[in-house]
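Heads up, the thing below is written out as structure tokens.
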Amino acid sequence: MAGQLPGGLDTLLDDECVFLSPIVFTPQRGKELTKLYLGAAGQVFPGDSAASKESKTNSFHYVREVMQGHDAVLEFETMIDGTQVNGVDMITCNDEGRIVEFKVMIRPLKAINLIHAQMKAMLEQMQ
């Protein structure tokens, strides 16, 4: 999320991509909805550039990568409003290398509640 890619998410996401959120009950289908949710997450989850590495305050960073075939599981940590957030991005790509599924899982419950409120506000602001 911190880096910029030529073409942005359009080059990474398949048109039929499905986004599975920890805070939305139903799968969000399609490239445009997936971009909307990932864009909002990019605003809610502070990036490394805003961070102090020692304290991990406001520092989104990946701590583990597990990859096999077309699948990747990326564990992340960050601190938001004094709450430690831990989660995983589970990503599946097709044969062309485009993302067809992006699933996010987050813990603990306090973090989910905080992110739910911030994502709701960010999505309303973006629409």
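Derivation of every value follows stated rules applied to the coordinates shown; laboratory data play no part. All values derive from a computational prediction rather than experimental measurement. No Cβ is skipped: glycine too gets one built from the backbone with ideal geometry, and neighbour counts run over all protein chains shown.
Okay, here's what the table says:
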read-out: Tilt relative to the chain, helix 109-126 - C-alpha long axis, 0 to 90 degrees, to 10; value: 60
read-out: Nearest-ten-degree value, helix 31-44 long axis tilted from longest Cα axis of the chain; value: 20
read-out: Spatially near lysine pairs across the chain, Cα under 20 Å, sequence gap of 8 or more or different chains; value: 7
read-out: Neighbourhood net charge (13 Å Cβ-Cβ; Lys/Arg +1, Asp/Glu -1) for residue 91; value: -4
